[in-house]
1. Residue A:229 is checked against (1) buried (at least 21 other Cβ atoms within 10 Å of the Cβ); (2) within 10 Å of chain B (Cβ to nearest Cβ); (3) under 30 Å from residue B:84 (Cα atoms) and fails just one. What number does that condition carry?
2. Just checking: which of the helices (runs of 4 or more DSSP H) contained wholly in chain B hold 3 or more residues that are more than 7 Å from chain A (Cβ to nearest Cβ) and hydroxyl-bearing (Ser, Thr, Tyr)?
3. Within region B:75-94, track down each residue that is farther than 14 Å from residue A:235 by Cα and surrounded by 13 or more Cβ atoms within 10 Å (Cβ to Cβ).
4. Looking only at region A:131-180, count how many residues are within 14 Å of another protein chain (Cβ to nearest Cβ), outside any helix (DSSP H, G or I) and out of contact with any Gly (no Cβ under 7 Å at 6 or more places or on another chain).
5. Out of A:188, A:210, which single residue is surrounded by fewer than 23 Cβ atoms within 10 Å (Cβ to Cβ), touching a Ser or Thr at 6+ places or on another chain (Cβ under 7 Å), assigned to a helix (DSSP H, G or I) and more than 7 Å from chain B (Cβ to nearest Cβ)?
6. Collect the residues in region A:51-66 that are closer than 21 Å to residue A:146 by Cβ and either charged (D, E, K, R) or touching a residue at least 12 places away in the same chain (Cβ under 8 Å) (or both), keeping them in residue-number order.
7. Given the condition among the aliphatic types (A, V, I, L, M), at pLDDT below 85 and either touching a Phe, Trp or Tyr at 6+ places or on another chain (Cβ under 6 Å) or surrounded by fewer than 24 Cβ atoms within 10 Å (Cβ to Cβ) (or both), answer yes or no: does some residue in region A:37-44 qualify?
Amino acid sequence: MKKWKYALFLCGLVVYFTFSESSSAFAMHIMEGFLPVGWVIFWWLAFLPFLIIGMRSLIRITREHPELKLLIALSGAFTFVLSALKIPSVTGSSSHPTGVGLGAVLFGPWTMVVMGSIVLLFQALLLAHGGLTTLGANAMSMAVAGPLVAYGIYRFGKKWNISRRWTIFFAAFFSDLATYVVTSLQLALAFPDATGGIFASFVKFAGIFAITQIPLAITEGLLTVVVWNFLSTYSSRELTQLERGV
Amino acid sequence: MKRSLFLLVFAVLLVVAPLLFIHHSDFGGTDDQAEKTIQVIAPHYKPWAQTIFEPPGGEVETLLFSVQAAVGAGIIGYIIGVYKGRANQRDEAK
């Protein structure tokens, strides 16, 4: 990147930090008990087919390519780390990245359905973060929507020959954002605004949190590229194998 | 390697910047604020399920979050080490 591009980028950030107002926002996972029963059942039913596809894909990959187990563990661990980091944001509140982008880019979206769900289960059981009743909904946003978006962007970048690093950055960035857009949608559907309906409620839930999540999504994108750099330096053989498709 | 270092520094800056620019905020979790927003939109809604286990106090919660991050970071470090070792071996064999 040229110097002036850096300068432009930094200016943009300064403007962003100066004008983004400090307001309360929310995102992250939906708390235990905070979805009505009907929606709990709906999201669980919607999520289960994805979980089954994910399990089957994971079993297939580990059986056919046992040498890739290390990389799978790596993408799982990456999600583990990132979703444990509650990061302060410009809105004066904290939220955490998801980390599902890396694995989705490496293995396709389905493997990460399982990984993301494991993380969510861990947090629901031990950390009172999210919940078992809301696990279906939370998994739909973080473990299904996130990886799908990441994989979509990866395919797009590959097709149009966009630089691999930028592709990975954006895949991680948008998978992070997508997770929280879906979360807001889920909450808006369950709690439509009394006057404005679902849309007004969605704007309320999403409008503010987007600002919270943007810097976190950038951070996630950067960290994903760092790990990718490591992999492309030291395990190029596995990566080429994955490129050819497992 | 240099590029990765730059990216890491930038990531840290992004995290630190809000702490420098924003005062009078305790950076509370966004999910707690979700609860409040729900109570504004639907004041009569009562959560119908409770978490099975809640960490007793903030310190224990912090501990569990650190354990989660530490386990993950340990695994990542180990695996990258394995790959680096393999790459070195391949280079030596040549």
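1. The number of the failed condition is (1).
2. Per the criteria, B:57-93.
3. B:75
4. Of the residues in that region, 3 qualify.
5. Answer to the selection: A:188.
6. A:51, A:53, A:54, A:55, A:56, A:57, A:58, A:61
7. no
The values are calculated or read from the model by the stated rules, or taken from the named source; none is laboratory data. Since we're looking at a predicted model, the values are computed, not measured. Cβ coordinates were reconstructed from backbone atoms using ideal geometry, including for glycine residues, and neighbour counts include every protein chain displayed.
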